[in-house]
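A short write-up of the structure that comes next.
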């Protein structure tokens, strides 16, 4: 599939003139406006067939994600990556694969990146050659909303030309039984996870990019009692647990003037005032870890979050780095972590794309007083931390 080619009448120069005319107008590029701009720039030289061709080309380019829009609506696609006009890639869970979609030239990729940045309320030009933002939500065919995280880098910073990355953020709605049927969670682990939720142990889900952290977290929240009030704080709206009482707070980046930002840290503080039974942070990746740990240490049992880490053993060091940005030193972080969090769940994405729960770890202090994550369960059976975990479960469930 290609973005299209122009014949001798519908020229690239004509299309560029129409784009400039439309860019100078503040209204949305509706079909009637685009057609009027084409007629005006063509000076009456286009017949109906050529007019429709030009309209189709410009509508594809000026609405949604342009020629990439069908890829975003593919339910199997997690990432859309553009590295050159003739190099558009997708990840459907089995590694990246090249598609047949192409752009006419580098300028077309650049225009799309800049338009998407503008729709995300961000700036992308030679003075600010990269952008990270979120595109407005859109509707799937079945009616569910999904978001898109945008990242783009312009040349010459990107040597091969504009580099565009789109991460599809679909709501995580699968339950624990569905994950078990898919092989993500074994029957033994499912039973243990349900006990962890019932016992209201606080937990972190850790793993690499695309490992399924949010999916597992959402499934576990669905297991919470229907009488509990869950307040979820997220950078992008992904958590959608099938639970009757969920409040979702979503952060907001600064606008193009640099104003109006609402951070995760702001929202965690607000969540404390909303009578939560469980406070959940969709992804802990900054100073908000300080407020989350503080909240979990002030009577809010059963809280949770996800952390980007390649293994449970890396979690303390990862949280140290994040807490440092919030003014919390290493001894304080370890003290708060040991008191606030009891369990760490490690999910992993295998080479074949399958996602699986690799480990259930328990938080404990080593001989020097620092926090370590001790394996309590692995697919092969119990680990050295099993006795400590089962002791916590028995204490909470009986008590």
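The numbers here are math on the coordinates, done by the rules we state, and not lab data. Please read these numbers as outputs of a predicted model, since none were measured by experiment. Ideal geometry is used to build each Cβ from the backbone, glycine not excepted, and the neighbour counts take in all protein chains shown.
Summary table below
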| quantity | calculated |
| --- | --- |
| Between 0 and 90°, nearest 10: helix 386-398 axis offset from the chain longest Cα axis | 80 degrees |
| Footprinting exposure proxy for 319, 296, 135 (fewest neighbouring C-beta atoms within 10 Å first) | 135, 296, 319 |
| Least to most buried among 48, 132 (fewest other Cβ within 10 Å first) | 48, 132 |
| Inter-label distance for residue 107 and residue 370, nm, one decimal - labels placed 7 Å from Cα along Cα-to-Cβ | 5.7 nm |
| Helix 330-340 vs. the chain, principal-axis angle (Cα, 0 to 90°, nearest 10) | 80 degrees |
| Per-peptide average of other Cβ atoms within 10 Å, ordering 357-363, 347-353, 266-272 highest first | 357-363, 266-272, 347-353 |
| 0 to 90° range, to nearest 10: angle between helix 31-42 axis and the chain longest Cα axis | 40 degrees |
| Difference of contour (0.36 nm per residue) and Cα-Cα distance, residue 32 to residue 119 | 29.2 nm |
| Length-normalised contact order for the chain - Cα pairs under 8 Å, 6+ apart - percent | 11 percent |
| Residue-averaged [θ]222 nm for the chain, counting only DSSP H segments that reach four residues, each worth -39500 (n - 2.57) | -10000 deg cm²/dmol |
| Separation between Cα centres of the stretch 206-225 and the stretch 147-205, rounded to whole Å | 7 Å |
| Label zone at residue 188 (point 7 Å along Cα-to-Cβ), backbone N below 17 Å, the stretch 351-378 | 356-362, 375-378 |
| Antiparallel DSSP beta bridges within the chain, percent to nearest 5 | 65 percent |
| Computed label-point distance, nm, for sites residue 311 and residue 388 using a 7 Å Cα→Cβ extension | 1.7 nm |
